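Participant: Dropping the structure in here first, questions after.
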Amino acid sequence: MTSSQRDSLADASLSIDPICRVEFGPGRIDRLPDLIATTGHQRAFVVTDRGLRAAGVAERVLKILDSAGVEHAVYDEVAPNPSTGNVDAGAARARAFGPAAVVALGGGSVLDAAKGISLLVGNRDAVAADADDLWEASDGLPLVAVPTTSGTGAETNGFGVIEDTAACRKVYIGHPSVKPRVALLDPELTLGLPAPATAATGLDALVHGIESLASRGANPFSVAYATQAVDMVSRALPAAYRDGSDLDARAELMMGAHLAGQALTLSGLGLVHGIGHALTAHTGTPHGVALAAVLEEVMEFSAPAARDAYEGVARAMRLPAPADGDWARAAVAAVREISAAVEIKRPLRELGADRALLPAIARGAAADAVTKNAPRQPSEAEVLEILTRTY
Ligand SMILES: NC(=O)c1ccc[n+]([C@@H]2O[C@H](COP(=O)([O-])OP(=O)(O)OC[C@H]3O[C@@H](n4cnc5c(N)ncnc54)[C@H](O)[C@@H]3O)[C@@H](O)[C@H]2O)c1
Ligand SMILES: [Fe+2]
């Protein structure tokens, strides 16, 4: 915890919703039938995607359900950055299947879509485009989240980010009832995740830890989670990238990403995510790649207002004390090394961001809700300057 956060505790008022049940460990997926039963349902509606089918992960999990005699149906058509159409189609199948627990087996895309599907089943006449009105609606079906990437931390919260293709905007679909009842974290399921996806999702987790530590919304709970997350992710990400079959690295990365998710859910994020969202909206760049493009530059911009937090980042990474006492610079240098080790940083011009797009990206980033938690509030012109520097 930084000194400024310690000082502000005198008038702090905190309300922490206890985390969901977490089951962690290699091979833990075998417990899925028992965990489904804890939701009060004996049947399961499984939401997943084609990539998980191709990787054999879905088959492994469905076999476990078969062996335990758990009646189930599968919706496997979730697309990366899922759309309202995906959620509506999945909900139609789930309504036809009837009462069940929803098992979300996949990365953030599947987890987000599954939350929408669960909620629509609880609200028979609703469609995904009604997202803004569903926050006060009836409960959805209970959800068991089984993440297969170590990145988004989407298993820690009750909302999903969905593309409303008709209105051409991102909508947040969510409700307290679709926060997963159980997060089943089995690192064995991530062993086959290809190296570029390991890099992009793992970098997302690292940024969650760093931005959470520097966030205006940081509090002692989020700082505890984020510090441990940065420690684990910074060590495990390069190792998991080098050798995807390294179960130790996969396990550490998965736990670190989950803790980073707990942290960001409590604190909020910052400008790296503000720019990342705008960049992805304009170019389709995968989330983690978009974050990596501007991470060090945003840290340098933010450093004057985040010295304590970046010292926390550097210490969590177990860096030696810098000779010049500049912990923030040491943290940025260490982040640059990790980014290079996982070969993820690209100039914006290689990500499909035409120079003429930069002002619109800057506008989107400055206006994004996540940017409100940035330690140093940027003007649009300052964001444009950062984008130009990384072009
Ligand atoms: N709700 C939240 O809190 C939250 C937070 C951040 C991001 N998100 C959302 O998460 C999505 C991104 O999620 P993501 O980064 O996890 O990627 P993803 O879910 O889109 O998955 C990327 C690809 O990896 C494949 N894959 C996943 N696990 C695999 C495995 N174990 N083996 C082989 N292939 C595998 C998938 O099939 C897919 O093709 C975005 O839609 C973003 O908006 C949500
Ligand atoms: Fe993220």
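The values are calculated or read from the model by the stated rules, or taken from the named source; none is laboratory data. All values derive from a computational prediction rather than experimental measurement. As a convention, Cβ positions derive from the backbone with ideal geometry for all residues, glycine included, and neighbour counts pool all protein chains shown. The accessibility values were calculated without ligands, DNA or RNA, using every heavy atom of the protein model including side chains. Shrake-Rupley method; radii C 1.70, N 1.55, O 1.52, S 1.80 Å.
Participant: Between a first residue in the stretch 14-34 that is under 23 Å from GLY158 (Cβ atoms) and a second residue that is open to solvent by 90 Å² or more (accessible area, probe 1.4 Å), which pairs have beta carbons less than 7 Å apart while being 6 or more apart in sequence or on different chains?
Facilitator: Pairs that qualify, where the first residue is under 23 Å from GLY158 (Cβ atoms) and the partner is open to solvent by 90 Å² or more (accessible area, probe 1.4 Å), are ILE16/PHE221; CYS20/ARG181; ARG21/ARG181.
Participant: Let me ask something else about it. For GLY217, are the conditions met, namely being small (Gly, Ala, Ser), away from ligand 1 (no atom under 11 Å from the Cβ), in contact (Cβ under 8 Å) with a residue 12 or more places away in the chain and surrounded by fewer than 20 Cβ atoms within 10 Å (Cβ to Cβ)?
Facilitator: Considered against the rule, which asks whether it is small (Gly, Ala, Ser), away from ligand 1 (no atom under 11 Å from the Cβ), in contact (Cβ under 8 Å) with a residue 12 or more places away in the chain and surrounded by fewer than 20 Cβ atoms within 10 Å (Cβ to Cβ), GLY217 comes out as yes.
Participant: Being within 14 Å of ligand 1 (Cβ to nearest atom) and out of contact with any Ser or Thr (no Cβ under 7 Å at 6 or more places or on another chain) is the filter; apply it to the stretch 236-245 and report the residue that is least open to solvent (accessible area, probe 1.4 Å).
Facilitator: Going through the qualifying residues, I end up with LEU237.
Participant: Moving on to the next point. Run down ASP76, ASP7, ASP88 and say which single residue is modelled with pLDDT under 95 and not hydroxyl-bearing (Ser, Thr, Tyr).
Facilitator: ASP7
Participant: Given the options LYS115, LYS63, name the one that is open to solvent by less than 40 Å² (accessible area, probe 1.4 Å), among the charged types (D, E, K, R) and out of contact with any Cys (no Cβ under 8 Å at 6 or more places or on another chain).
Facilitator: After applying the criteria, what remains is LYS115.
Participant: Which one of the conditions (1) over 15 Å from TYR75 (Cα atoms); (2) open to solvent by less than 10 Å² (accessible area, probe 1.4 Å); (3) at pLDDT 95 or above; (4) away from ligand 2 (no atom under 16 Å from the Cβ) does ALA131 fail to meet, given that it meets all the rest?
Facilitator: (3)
Participant: Still on this structure: Considering only residues that are small (Gly, Ala, Ser), open to solvent by 10 Å² or more (accessible area, probe 1.4 Å) and near ligand 1 (Cβ under 9 Å from one of its atoms), look in the stretch 172-214 and name the one that is farthest from the chain's Cα centre (by Cα).
Facilitator: GLY192
Participant: Let me ask you something else. Looking at the stretch 31-60 only, could you name the residues that are within 18 Å of LEU191 (Cβ to Cβ) and touching a helix residue (DSSP H, G or I) at 6+ places or on another chain (Cβ under 6 Å)?
Facilitator: LEU32, THR48, ASP49, LEU52, VAL57, ALA58
Participant: Go through the residues of the stretch 125-143 one by one and say whether even a single one is among the charged types (D, E, K, R) and either within 9 Å of ligand 1 (Cβ to nearest atom) or in contact (Cβ under 8 Å) with a residue 60 or more places away in the chain (or both).
Facilitator: No, the stretch 125-143 contains no residue that is among the charged types (D, E, K, R) and either within 9 Å of ligand 1 (Cβ to nearest atom) or in contact (Cβ under 8 Å) with a residue 60 or more places away in the chain (or both).
Participant: Under 6 Å between Cβ atoms, at least 6 apart or on separate chains: pull out the pairs that start in the stretch 189-203 with a residue that is of a type in the set (Ser, Thr, Tyr) and end on any residue that is within 11 Å of ligand 2 (Cβ to nearest atom).
Facilitator: Listed by first residue and then by second, the contacts come to THR201/GLY151; THR201/GLY288.
Participant: Related question: Output the residue which, of all residues in the stretch 284-308 that are open to solvent by 10 Å² or more (accessible area, probe 1.4 Å) and outside any helix (DSSP H, G or I), is farthest from ASN219 (Cα to Cα).
Facilitator: Of everything passing the filter in the stretch 284-308, GLY284 is farthest from ASN219 (Cα to Cα).
Participant: Just one of (1) exposed (fewer than 12 other Cβ atoms within 10 Å of the Cβ); (2) at pLDDT below 95 trips up GLY56, so point out which.
Facilitator: Unmet condition: (2).
Participant: Report whether or not THR265 is within 14 Å of ligand 2 (Cβ to nearest atom), of a type in the set (Ser, Thr, Tyr), part of a helix (DSSP H, G or I) and under 30 Å from ALA353 (Cα atoms).
Facilitator: The answer is yes for THR265.
Participant: Still on this structure, I have one more. What number goes with the only condition from (1) free of Cβ contacts under 8 Å to residues at least 60 places away in the same chain; (2) within 13 Å of ligand 2 (Cβ to nearest atom); (3) of a type outside the set (A, V, I, L, M, F, W, C) that GLU296 does not pass?
Facilitator: Single failed check for GLU296: (2).
Participant: Check whether at least one residue in the stretch 178-190 is under 23 Å from ILE16 (Cβ atoms) and within 14 Å of ligand 2 (Cβ to nearest atom), and report yes or no.
Facilitator: no
Participant: With the requirement that a residue be surrounded by fewer than 22 Cβ atoms within 10 Å (Cβ to Cβ) and on the phi > 0 side of the Ramachandran plot, what does the stretch 142-171 give you?
Facilitator: Residue satisfying the conditions is CYS168 alone.
Participant: With the condition kept exactly as written, say whether any residue in the stretch 246-258 is open to solvent by 20 Å² or more (accessible area, probe 1.4 Å), away from ligand 2 (no atom under 15 Å from the Cβ) and not in a helix (DSSP H, G or I).
Facilitator: yes
Participant: Quick check on my filter: what residues within the stretch 269-283 are surrounded by fewer than 24 Cβ atoms within 10 Å (Cβ to Cβ) and within 14 Å of ligand 1 (Cβ to nearest atom)?
Facilitator: The answer is HIS277, THR280, ALA281.
Participant: When the residues of the stretch 369-391 are narrowed to those that are touching a residue at least 40 places away in the same chain (Cβ under 8 Å) and assigned to a loop (DSSP other than H, G, I, E, B), which ends up surrounded by the most Cβ atoms within 10 Å (Cβ to Cβ)?
Facilitator: Ranking the candidates gives ALA374 first.
Participant: Okay, moving on. Enumerate the pairs (first residue in the stretch 50-76 and under 16 Å from ILE36 (Cα atoms); second residue anywhere and more than 10 Å from ligand 1 (Cβ to nearest atom) and open to solvent by 80 Å² or more (accessible area, probe 1.4 Å)) with beta-carbon separation below 8 Å, excluding pairs fewer than 6 apart on the same chain, so at least 6 apart or on different chains.
Facilitator: ILE64/ASP30; VAL70/GLN42; GLU71/GLN42; ALA73/ARG93
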